[in-house]
Amino acid sequence: LSAIFLCLGGCQLQTPCRIQKCTTDFVFLTSHLNSALENFDLEFCKALRAYSACTYHNSKACRGNLVYHSAVLGISDLMSQRNCSKDGPTSSTSPEVTRDPCNYNGHIEAREHQAGGKTPDTTYVFCGLFGDPHLRTFKDHFQTCKVEGAWPLIDNNYLSVQVTNVPVVPGSSATATNKVTIIFKSYQDCTDQKVYQAVTDDLPAAFVDGTTSGGDGSMRSLQIVEKVSGKYVEMHARYIGTTVYIRKLGHYLTLAIRMPQELVLDYEKSQDLQLCVNGCPSNERIDNSGHLPLPVMGHLLPQGAAAHPHSLYTLETATTKCHEKILIKDIYFHSCIFDLLTTGDTNFTAAAHTALQDVEALHPRKEQWHIFPSNGGSVMGKSSKFCVSLGYVYLILVSVL
């Protein structure tokens, strides 16, 4: 059999001889077959007969070609081993390849083949929500929002995700997520509709109906995996190529999701209120722009002063605490400081840290993992820029208290 595949590495053949294409077609026709299946021999023999027919049509052009004669001998040996008859049905060289309909990646591969070539790789996008709450949209825009009450993060033809946010401290506009509801909509034979719901005192490892998977259990097209009991669950929806992480940190929840862009954009006009797609409405924003622009110099929090009566942290101590978990001074680091100054709750430090970990696990583009606050276009030295970046926390805080 090894002789059959000698030419796949790129042999130099005479132009009229098409033995390489015959071999490539045979490999494609058999690559998806599973020897454990009952119809393996039947399908394999059909592919061999198609291979044999292809070599026959090229017999004159490939006369004297060593690879061609090796392939003919290899086909004869394999047909004997599998008891294949020379007469019978053959596989099409452009077949409707049998793919797992509940595997999104397999579906894409089949579509690429039917299109006659390789199409661009699937584009995945990421959305995350954590803290007070801080939102990273599918477009990698970073916002800090109020959005008190129930709001849709995602609402397309495959998936709905709704979060409920409540105030974290009296007198502040800052809120945090205490409830997540996810609806995996029914899809062909892959899954019936499945509803998942988590609240602050209950992060279940099952759907509302008590099941842990959707569709045929053996296919695992939709599955919940408990990573840390009561604190961290993952949901894997293979049929739509989607992964969801939900964590419980203190009294609040965080969420991270990766989904194919083409599915994210498959929604009706009436479903346009989606925070992950379009961000928070402008009147629900706490920050001044998506990248939390830095204020002018001279407005830092007074030395030793706590930002809020409910916080025991000063700007200095909050900065030190956040730097213990987040070494790079990106937007997650600054969000951590903001949350500590607002609430005094160290669980928000863990929320910012794990949110960044979820980005590193799910976000498809490493060069975009870190987002840095905008400085409004001004050019500063490293030391002054760091002071200014800390000052934005206080100014934002004052504006919302």
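Working carefully through the options PHE386, PHE348, PHE338, find the one that is assigned by the TED database to the domain that holds LYS139 and modelled with pLDDT under 90.
Matching residue, one of PHE386, PHE348, PHE338: PHE338.
Which one of the conditions (1) surrounded by fewer than 22 Cβ atoms within 10 Å (Cβ to Cβ); (2) over 15 Å from VAL277 (Cα atoms); (3) touching a Lys or Arg at 6+ places or on another chain (Cβ under 7 Å) does PHE184 fail to meet, given that it meets all the rest?
It fails just one condition, (1).
Please specify each residue of segment 244-291 satisfying the condition of being surrounded by fewer than 18 Cβ atoms within 10 Å (Cβ to Cβ) and within 14 Å of the chain's Cα centre (by Cα).
Matches in segment 244-291: GLN261, GLU262.
Testing LYS227 on (1) charged (D, E, K, R); (2) touching a Ser or Thr at 6+ places or on another chain (Cβ under 8 Å); (3) at pLDDT 95 or above, one condition comes back false. Which one is that?
(2)
For segment 170-181, give me each residue that is open to solvent by less than 50 Å² (accessible area, probe 1.4 Å) and either acidic (Asp, Glu) or touching a residue at least 24 places away in the same chain (Cβ under 8 Å) (or both).
Selection gives SER172, SER173, ALA174, THR175, ALA176, THR177, ASN178, VAL180.
Taking segment 187-219 as the search range and keeping residues that are of a type outside the set (A, V, I, L, M) and part of a strand (DSSP E or B), which one is surrounded by the most Cβ atoms within 10 Å (Cβ to Cβ)?
Selected residue: GLY214.
The values are calculated or read from the model by the stated rules, or taken from the named source; none is laboratory data. Please read these numbers as outputs of a predicted model, since none were measured by experiment. Reconstructed Cβ throughout: ideal geometry from the backbone, glycine too, with neighbour counts over all protein chains shown. Surface areas here come from the heavy atoms of the whole protein model, side chains and all, with no ligands, DNA or RNA. Shrake-Rupley method; radii C 1.70, N 1.55, O 1.52, S 1.80 Å.
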